[in-house]
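Worksheet: the structure to be examined is printed underneath.
The values are calculated or read from the model by the stated rules, or taken from the named source; none is laboratory data. Computed from a predicted model, the values in this text were never measured in an experiment. Every residue, glycine among them, receives a Cβ derived from its backbone with ideal geometry; neighbour counts consider all protein chains shown.
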Amino acid sequence: MKNVHFNFGASLSRRAMLRGAGITLGLPLLEAMTPAFAAVKESKQAKRFVGVSMALGLHNPNLVPEGAGRDYKPSRYLQSIQDLRNDFTVVSGSSHPGVSGGHTAEGSIYSACPNARGATSRNTISLDQLMAKQLGHATRFPSLVLNTNSQTSPSYTENGSMIPAENSAMRLFTRLFVNDTPAEQERQAELIRSGRSVMDVVGAEAKTLQRELGAGDRDKLDAWFTSVRDLEKRLAANEAWTHRPKPKVAMKPPAKIPRDNEVAVDGIFLDIVHMALATDSTRFVTLHITGNNVQGIEGVDESYHNLSHHGMDEEKLAQLAIVEQGVINQWGSFLRKLKGDQLLNDTMVLLTSNLGNASAHDNKNMPVLLAGGGFKHGQHLAFDQKDNYPLPNLYLSALHRLGLQDESFATSTAGMTGLEAV
């Protein structure tokens, strides 16, 4: 009988690799990577992430509550969602380190990439796309990138390319829930097959070219290869879904989009997102609110952009509050629907903006509300308004709640202080 040796203290590093014949292979998480006989905590991990971002910010004096912790006094904007108080956390005094430039910081909302970017530098992958890259394969749509008005988005690929947003609620509904005809299905499958073969050809030629390039160009080409590989994977996944029926929903397609009421458009998109999550058509969504027309809202007679640049004018602030309260209310309604379907506990829902003070084009003190996802909510995490806390720490916590083991995200320093799982 062979001797059996137990090592009660040692554990295998989680960074352990297998190396041989010139190949390095990362190991999956093994039992040997925790100390022998150590108790492993069971955790209920979040499965979904929805990021709602506002191009024109939220007026912080109306948003940030008085007091910190769990005994905070609700602000003006939070009064309407106090029935959800224990389902969300308010974060103040946080921002993305190294991000400035007013409106141009939109590209860094979810990437947290320092935005002193010129012709020689590029953005980094956004939070939603990192999640979708690792976990998006389980659904028909790895992610949804949406905009209420234009095709711009804060969602970026691994090689720093912006993902154009879907800005039509009708097209979104059709894409999610209306089955294509058999002829259309076959046409889509053929396009996918053709696209994959083209990628193979282009990839082979590019690899030949790579050997003739300098180091800088090789880096650029390598980034391009990364995007090509991601596209190939998505094409392959989409081909498998082409002939599968889409889910049937009781919800009717949007009949008319009120282009003079950005808040109503926001609500229409969120209703469709709710159904997309409920049918498990996708698990990762960003919705960027960029529309400027709000004169269809009672009590508002100026454009959204003009109101956001209020200069502390009382009349403009009063109208801006109507618009922004409407967005908060739509967000709250979305949370209630998720909660009613028992989806909120495993869905992280973020509301934020690149602008903390739109009137001054200030990117500090970003507005942040985080709901769901299995965190201990019902609190106000109040950080320093002058020396802001790094918001990428929240993003790292979000990745960990999905079960991803990333050690950092962008300029994060750790998981978010005070944000704990249930």
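Could you tell me which residue of region 289-321 is surrounded by the most Cβ atoms within 10 Å (Cβ to Cβ), considering only residues that are among the small types (Gly, Ala, Ser) and outside any loop (DSSP other than H, G, I, E, B)? Walk me through how you get there before you give the answer.
The initial filter retains those residues of region 289-321 that are among the small types (Gly, Ala, Ser), namely 291, 296, 299, 303, 308, 311, 318, 321.
Within this subset, residues satisfying the condition of being outside any loop (DSSP other than H, G, I, E, B) are 308, 318, 321.
Values: SER308: 23, ALA318: 13, ALA321: 19.
Applying the filter and picking the extreme gives SER308.
Looking across region 180-193, the residues that are modelled with pLDDT under 70 and out of contact with any Ser or Thr (no Cβ under 6 Å at 6 or more places or on another chain) come down to LEU191, ILE192, ARG193.
Kindly indicate whether LEU277 is over 19 Å from MET54 (Cβ atoms), in a helix (DSSP H, G or I), touching a residue at least 40 places away in the same chain (Cβ under 8 Å) and not basic (Lys, Arg). Steps first, answer last, please.
Working: over 19 Å from MET54 (Cβ atoms): yes; in a helix (DSSP H, G or I): yes; touching a residue at least 40 places away in the same chain (Cβ under 8 Å): yes; not basic (Lys, Arg): yes.
Against the criterion (over 19 Å from MET54 (Cβ atoms), in a helix (DSSP H, G or I), touching a residue at least 40 places away in the same chain (Cβ under 8 Å) and not basic (Lys, Arg)), LEU277 qualifies.
Taken over region 385-422, the criterion of being in a loop (DSSP other than H, G, I, E, B) and in contact with a Gly (Cβ under 6 Å, 6 or more places away or on another chain) is satisfied by GLN385, ASN388, VAL422.
THR286 fulfils the conditions (1) touching a strand residue (DSSP E or B) at 6+ places or on another chain (Cβ under 9 Å); (2) assigned to a helix (DSSP H, G or I) except for a single criterion, (2). If the condition is being out of contact with any Pro (no Cβ under 9 Å at 6 or more places or on another chain), touching a residue at least 40 places away in the same chain (Cβ under 8 Å) and assigned to a loop (DSSP other than H, G, I, E, B), then region 56-73 contributes LEU56, GLY67, ALA68, ARG70. Could you check, for region 324-333, whether at least one of its residues is out of contact with any Ser or Thr (no Cβ under 9 Å at 6 or more places or on another chain), closer than 20 Å to LEU144 by Cβ and among the aliphatic types (A, V, I, L, M)? Yes, that holds for at least one residue.
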